[in-house]
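Heads up, the thing below is written out as structure tokens.
The values are calculated or read from the model by the stated rules, or taken from the named source; none is laboratory data. Quick caveat: nothing in here was measured; it's all calculated off a predicted structure. Every residue, glycine as well, gets a Cβ built from its backbone with ideal geometry; the counts of neighbours run over all protein chains shown.
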Ligand code: F6P
């Protein structure tokens, strides 16, 4: 085990992704969550902390994402620090988007804090901005491992990010409720969902909640054509319409107004907003977070740095963060076509 903890000399590649290595073994590990919170982040923190302690590491919680590294706000963590959090949404470590960390000075201050605190490695949980921060730390000589935690599912190198499954379940439940009122009033509902520039939440949630239309940033749409399909559906006996619109696709207010004008159907807009980010993580998110958290520690044990944990099929992967970020996120055309077919 001692040998497994050793990291060797700079620029020596081990297993294809071990980019930088030191002579000193990792003893103290910091963990932080950054960017938008996502259900399952706590489950990942728990897995990291308990697996780390099991292997003899000291664990330190870094608060408010990269702010905690700049401001030196940290807490020692033991097994009890992560009791009762597996089922909780949000993140006990707090999170933030830290612009100060986007500068050379910010990264330098973080490195100094880590040195002062004798923290040898940092595990970060978050989305692409968090990953870029981890890459900066890695480039500055800090051992890092990144875990994908974002409801957006917008990291193309992994099939799933922690939080996505819970978010689409929340959308599905909200749409079920909206469908009741939509059907009773013979109204149309435009439902705006999150996802930044990624249409995965809209597409997956659309499929599992039977939306009539899914509007995503990756695909062009024509309002007159949508209106025509809605009118046809109405003539064919449909009594309700649910149109899921990804936030990155269009202005939902304009979209709703224009669709109502074109169809002459009473139309309401529902913005689900941050409800999608909260709540107890689903079984899938808990399991994913637990596996990824444990794997992050395993990566440190074999001397990896600058790597991102991912999932392909049902297999966990670890690849250089830079490579992971370079994989373009693509909308699944197969699922998009399926959504079109099933909505008619
Ligand atoms: O990245 C997660 C996310 O919820 C996006 O879907 C959304 O665009 C953004 O964060 C909202 O950010 P904020 O919580 O800062 O308003």
Suppose we filter the range 142-172 for residues that are away from the ligand (no atom under 12 Å from the Cβ) and assigned to a loop (DSSP other than H, G, I, E, B); how many remain? 6
I'd like the full set of residues that are away from the ligand (no atom under 16 Å from the Cβ) and either in a strand (DSSP E or B) or free of Cβ contacts under 8 Å to residues at least 40 places away in the same chain (or both), limited to the range 175-197. 176, 177, 180, 181, 184, 188, 189, 190
Using the structure shown, decide if residue 286 is in contact with a helix residue (DSSP H, G or I) (Cβ under 8 Å, 6 or more places away or on another chain), farther than 18 Å from residue 177 by Cβ, part of a helix (DSSP H, G or I) and modelled with pLDDT of 95 or more. yes
So which of 280, 239 is modelled with pLDDT under 95, more than 16 Å from the ligand (Cβ to nearest atom), surrounded by fewer than 24 Cβ atoms within 10 Å (Cβ to Cβ) and outside any strand (DSSP E or B)? 239
In the range 165-193, residue surrounded by the fewest Cβ atoms within 10 Å (Cβ to Cβ) [restricted to those that are in contact with a helix residue (DSSP H, G or I) (Cβ under 7 Å, 6 or more places away or on another chain) and within 17 Å of residue 289 (Cα to Cα)]: 165
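Of the residues in the range 215-236, how many are outside any loop (DSSP other than H, G, I, E, B) and more than 16 Å from the ligand (Cβ to nearest atom)?
Here the count works out to 13.
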The conditions are (1) touching a helix residue (DSSP H, G or I) at 6+ places or on another chain (Cβ under 6 Å); (2) assigned by TED's automatic domain parsing to the domain that holds residue 246; (3) on the phi < 0 side of the Ramachandran plot, and residue 136 fails exactly one of them. Which is it? (2)
Does residue 208 satisfy the criteria of being part of a helix (DSSP H, G or I) and buried (at least 24 other Cβ atoms within 10 Å of the Cβ)? no
Does residue 273 meet the test of being surrounded by fewer than 17 Cβ atoms within 10 Å (Cβ to Cβ), in contact (Cβ under 8 Å) with a residue 24 or more places away in the chain and over 30 Å from residue 122 (Cα atoms)? yes
Inside the range 61-100, the number of residues satisfying the requirement of being in a loop (DSSP other than H, G, I, E, B), more than 21 Å from residue 289 (Cα to Cα) and more than 16 Å from the ligand (Cβ to nearest atom) is 2
Select from the range 132-141 the residues that are surrounded by 24 or more Cβ atoms within 10 Å (Cβ to Cβ) and within 16 Å of the ligand (Cβ to nearest atom) and list them in ascending order. 133
Residue hits (the range 306-344; on the phi < 0 side of the Ramachandran plot and in a loop (DSSP other than H, G, I, E, B)) are 314, 327, 328, 329, 330, 331, 332, 344
